[in-house]
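I have placed the structure first, in the form of structure tokens, so that the comments after it can refer back to it.
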Amino acid sequence: MSKSLLPRVFVTLAAPTIAAMEDQAMSAVGAHSGYELRLDYLQDLSTFPADLHQMLVRLRTPMAIATCRRAEAGGLFAGTVDEQLDRLEAAVHAGCHRADLEIQSIDRAGARIIERLRPARVIVSHHDYRRTPPLAPIYRKLSRLPAAFFKIATHARVLEDNLRYAELLRAHRAGGKLIAHALGPSGLPSRLMALKWGSAFAYGSAGHHLAVASGQLPAQVLRTIYRVDRLDSRTQVYGVVGSRASISLSPAMQNSALHAKHVNAIYLPCETSRLDDFLKLARRLNFSGFSVTMPFKTAIIRELDWVDPLAAEIQACNTVAVQRGKWTGWNTDAAAVVDVLSKRLRLAGSRVLVLGAGGAARAASYALRAEGAEVLISARREASARKLARGVSARVVPWGESDGLDVDIVVNATPVGMSPHIEALPTDLARLRTRVVFDMVYHPYETRLLADARRRGLTAISGLEMLVAQGARQFEIWTGQSAPRALMEQAVLQALGHPVERD
């Protein structure tokens with residue numbers, strides 16, 4: 001088979017039976033994908049490897065990797081090294097083109113065991129599920145072995161660990177024998193950029209909730225949303241930074257928009273608890289722009305060369321564009337709040353209760369006051385609420401004391417109700433009178449607060465509307481093109497697993 005026709009994305013199949021693996025493969029079917037078969041997950045070996053051979057024939061796969069990860073290397077196989085080799089050999093004879101053997105087994109039994117897996121091309125792998133140590137010594141050790149490929153995967157504690165992978169892959173890309181990426185939520189940039197940096201191939205799961213390692217994304221997501229096998233030296237890099245960026249819906253939304261508008265770019269999730277950690281990544285990878293989420297919307301302002309007057313006044317920035325080497329900051333949340341609410345009622349003269357005093361609450365409060373609304377602010381941290389209230393000439397309502405309030409709109413600008421804490425409520429609608437409930441939380445799509453509002457016959461507005469409105473403005477700042485809003489909304493709904501209505 002021509003090297004150019006070999007698959008670059010492999011779908012990991014992990015199930016207790018060969019039949020269940022085949023079902024996973026069929027549900028994850030995609031053009032020109034290979035498969036990694038996690039034999040350590042198998043529980044029914046009664047007709048193995050005959051069933052495996054028949055599955056490979058039916059799948060007509062261009063490439064299959066047999067992997068039987070022992071428990072000491074993070075897998076499920078509890079047998080000896082000899083028993084591991086027996087299972088891998090059987091898979092090779094059944095038709096697997098490659099076999100993955102971890103370095104722990106070689107350390108235990110010696111390099112000669114690699115010969116037992118011929119004629120398959122052997123991948124020698126090193127995994128560390130706790131941290132990312134220096135990678136160069138690991139690569140040197142692996143590269144001395146008589147194997148076709150060398151795989152390194154370690155847990156990223158910080159975003160900066162991704163830079164180690166970029167350096168390693170770029171240094172050895174000419175050989176075409178290295179497979180490398182970081183694990184965990186903070187390791188997602190390396191998973192998505194691995195092929196661009198020079199990794200021989202990448203791994204994806206067969207579907208959502210079928211990942212075999214932390215941070216593994218569905219192969220379909222890798223290929224259709226991130227288009228990891230189509231990135232090149234001219235691909236621009238954007239992203240979203242935040243403490244929960246790995247579950248953000250912005251990558252699905254922005255990557256769909258970039259593709260629709262034929263912009264050669266990728267938008268990465270960058271999860272970290274430290275802003276300086278992200279800044280090192282963004283500067284080293286030459287980001288063209290990025291979105292800012294909790295808890296960095298205020299802190300990022302100190303790092304910018306220029307700040308839009310509105311963002312400076314609000315003291316919250318959710319959008320950074322890199323223009324001629326300068327980092328410029330914007331706040332697209334404020335305009336999105338007005339965009340969403342003004343479709344439902346006249347804002348001038350309306351009474352609005354804003355829950356929260358963070359970046360989102362600040363954007364909402366400033367935007368609403370600018371439109372002539374009366375704003376009331378309630379937050380758990382009353383000092384923060386009072387500080388915000390002074391800045392926008394608003395009134396403070398003590399947290400939890402909304403009894404008897406009569407307002408036109410309630411805006412939840414807190415993370416209360418966000419997945420996974422979906423049962424939490426930021427306020428009790430039975431204790432106040434209102435017409436419109438706007439929940440900025442968009443994951444889940446239908447929060448408990450919105451469900452309560454609908455039951456009471458109130459107008460309920462999902463945070464998805466604001467997500468799309470602010471994201472569309474971000475896209476326009478970055479690219480200078482009009483944003484495909486309908487497509488962006490569809491992408492978010494699909495990412496949430498919500499049915500999309502089509503004309």
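Tabulated results
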quantity	calculated
Dimensionless Rg/Rh of the range 30-155 - Kirkwood Rh, Rg from C-alpha atoms	0.97
Label-point separation, residue 232 to residue 283 (7 Å along Cα→Cβ), nm	3.1
Percent antiparallel among DSSP beta bridges (both partners in the chain, rounded to 5)	10
Placed amide H near residue 377: partners under 5 Å, 5+ positions off or other chain	354, 395, 396, 397
D_trans [Stokes-Einstein, Kirkwood Rh over alpha-carbon pairs] for the range 345-461, 37 °C, 0.692 mPa s, µm² s⁻¹	235
More than 20 angstrom apart: percent of Cα pairs within the range 82-165	38
For the range 313-376 and the range 109-149, distance of Cα centres in Å	53
DSSP-loop trypsin sites (Lys or Arg not before Pro) across the range 284-362, with at most 16 other Cβ within 10 angstrom	324, 343, 344, 346
Compactness of the range 424-472 as Cα Rg over 2.2 N^0.38 Å, two decimals	1.14
Rounded to 10°, Cα long-axis angle of helix 160-172 versus longest principal axis of the chain	40
Note, ³J(HN,Hα) from phi for the range 390-404, Karplus 6.51, -1.76, 1.60, rounded to Hz, x at Gly and Pro	4, x, 10, 6, 10, 9, 9, 10, x, 4, x, 10, 8, 4, x
Burial ordering of 61, 459, fewest other beta-carbon atoms within 10 Å first	459, 61
Karplus (6.51, -1.76, 1.60) ³J(HN,Hα), θ = phi - 60°, over the range 270-281, in Hz, Gly and Pro reported as x	10, 9, 7, 9, 10, 5, 5, 4, 5, 4, 4, 5
Protection proxy ranking, peptides 333-340, 107-114, average beta carbon neighbours within 10 Å, highest first	333-340, 107-114
Paired Rg and Dmax values of the range 3-231, which use every Cα atom, in angstrom	16.2, 46
Sites residue 148 and residue 382 - FRET efficiency at Förster radius 45 Å, r taken between beta-carbons, to 0.05	0.10
Answer label for semi-axes √(5λ) of the Cα gyration tensor in Å (calculated), chosen among (1) 48, 24, 20; (2) 58, 35, 21; (3) 36, 31, 21	(1)
The range 376-434 - Rg (one decimal) and Dmax (whole number), Cα, Å	12.1, 35
222 nm mean residue ellipticity, helices alone, for the chain (DSSP H n ≥ 4; -39,500 (n - 2.57); rounded to 500)	-10000 deg cm²/dmol
Gained length - residue 170 relative to residue 323, 0.36 nm times residue gap less alpha-carbon distance	52.4 nm
Residue 274 versus residue 406: modelled label distance in nm, points set 7 Å from Cα along the beta carbon direction	5.4
Cα-based Kirkwood hydrodynamic radius, the range 257-361, one decimal, Å	15.5
Trypsin sites (Lys or Arg not before Pro) restricted to the range 430-503 and DSSP loop, no more than 12 other C-beta within 10 Å	456, 502
Derived scalar couplings ³J(HN,Hα) [the range 134-139; Karplus, 6.51 cos²θ - 1.76 cosθ + 1.60; whole Hz; x for Gly, Pro]	x, 8, 4, x, 5, 5
Along principal axes, Cα extents of the range 138-266, largest first, whole Å	44, 29, 28
Nearest-ten-degree value, helix 50-59 long axis tilted from longest Cα axis of the chain	60
Neighbour cut-off at most 13 other Cβ (10 Å), DSSP loop, trypsin sites (Lys or Arg not before Pro), the range 138-225	144
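Bear in mind that the values in this text are calculations on the coordinates, not laboratory data. This one's a predicted model, so the numbers in the text were calculated from it and none came from an experiment. Note: ideal-geometry Cβ built from the backbone for every residue, glycine included; neighbour counts use all protein chains shown.
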